[in-house]
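Read through the structure below, which is laid out as structure tokens, and then see the notes.
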Amino acid sequence: MRRTQEQIEWDELFAVGSVEDIPSIVATDLYSKGAPQGRLSRRWSLGDDAYVSISARPEEQRATCSVTAKFGPDLMRFSRNIEVTWTRVGRASRRAWIHCGAMGCDRKCHRLYIVANNLVCRQCAGLRYESKNRPAHDRSRVRADKLRGRLGAEPGFGAPLPSIKPKGMHRSTFDRLCHDLYEEERRFAELLPPVVERQVAALLKRLEALEKKQGAALRLSGSSSIAAPDL
Ligand SMILES: [Zn+2]
């Protein structure tokens with residue numbers, strides 16, 4: 001049961017379309033100037049109480065990686081030994097490649113992605129999610145909620161956005177994320193299956209009627225809004 005829940009969480013976080021969103025490590029973080037570097041530690045925050053972190057120790061022929069993923073109360077840890085090979089660069093130097101850990105792949109790569117309980121190449125990371133066959137509107141909703149998380153907003157189509165940007169975020173990033181979210185939610189609305197669209201329209205109509213009915217009372221109490229439906 002616990003495993004299933006973890007899998008759902010991973011899929012929610014990473015089945016969002018582009019591999020650029022997936023935590024990853026690159027060979028040059030571990031190896032530079034033709035030699036293994038010191039231990040590498042990295043952490044990716046994935047919203048409230050959720051993160052992925054990696055600690056990697058590069059050696060001549062392998063890199064030992066320990067990954068921790070936390071999603072609220074769920075904690076997952078795994079370790080992998082990544083195979084390392086070298087190619088000559090000019091007469092005096094060499095370059096390291098890190099190998100995909102997916103079974104039957106072994107592609108030598110510059111970058112590996114942390115997916116489920118493995119470190120894999122771009123192709124293996126992509127294939128995994130393409131095979132999910134998640135409906136387009138669902139993928140769009142997940143992308144939108146992920147953007148909402150970065151903006152510090154509640155999940156859910158049409159839920160209010162904060163008027164101030166999260167602490168430490170650049171204004172340009174905030175504006176870009178707001179724009180991306182607007183575009184994503186517009187796409188989501190367009191992708192909604194007709195049956196859901198009718199349900200949403202009926203729900204909005206009921207809310208509108210309720211708001212009218214309660215208008216006088218709301219004005220008296222100073223409250224003025226009704227929460228957006230959670231889709
Ligand atoms: Zn691969």
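Values in this text are rule-based calculations from the coordinates and carry no lab data. These numbers were taken from a predicted model, which means no experiment stands behind them. With ideal geometry, Cβ positions are generated from the backbone for all residues, glycine too; neighbour counts draw on all protein chains shown.
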Amide H of G34: which non-local residues (sequence gap of 5 or more, or other chain) have their own amide H closer than 5 Å, using H built in the peptide plane? R94
Normalising by the residue count of the stretch 136-221, find the relative contact order in percent from Cα pairs under 8 Å and 6+ residues apart. 29 percent
For the stretch 136-221, whose charge dipole is built from +1 on Lys and Arg Cβ atoms and -1 on Asp and Glu Cβ atoms, the candidate among A201, A153, L177 with its Cα farthest towards the positive end is A153
Sorted by Cβ neighbour density within 10 Å, fewest at the top, the residues I164, I25, I98: I164, I25, I98
The stretch 136-221, Kirkwood Rh and Cα Rg, ratio Rg/Rh at 1.08
Taking neighbour Cβ counts within 10 Å as the exposure measure, how do C121, C105 sort from fewest upward? C105, C121
Short version: ³J(HN,Hα) in whole Hz for each residue of the stretch 47-63, in order, from phi by Karplus 6.51 cos²θ - 1.76 cosθ + 1.60 (θ = phi - 60°), x for Gly and Pro, what are they? x, 4, 6, 9, 7, 10, 9, 9, 10, 10, 10, x, 10, 4, 10, 7, 10
By the gyration tensor of its Cα atoms, with a ≥ b ≥ c the square roots of the eigenvalues, what is the shape of the stretch 65-158: rounded for a/c under 1.5, prolate for a/b over b/c, or oblate? prolate
What FRET efficiency would be calculated for the residue pair L207, A116, taking the C-beta separation as r and a Förster radius of 41 Å, to the nearest 0.05? 0.55
Output wanted: per-residue J couplings in Hz (rounded whole) for the stretch 163-174, from phi through Karplus 6.51 cos²θ - 1.76 cosθ + 1.60, θ = phi - 60°, x for Gly and Pro. 7, 10, 6, x, 4, x, 8, 5, 4, 5, 5, 4
If amide H atoms are modeled at 1.01 Å from N in the peptide plane, then the residues at a separation of 5 or more from G101, or on another chain, having amide H under 5 Å from its own are L119, V120, C121
Please compute the length gained on full extension between A92 and T68, using 0.36 nm multiplied by the number of residues separating them and subtracting their Cα-Cα distance. 4.9 nm
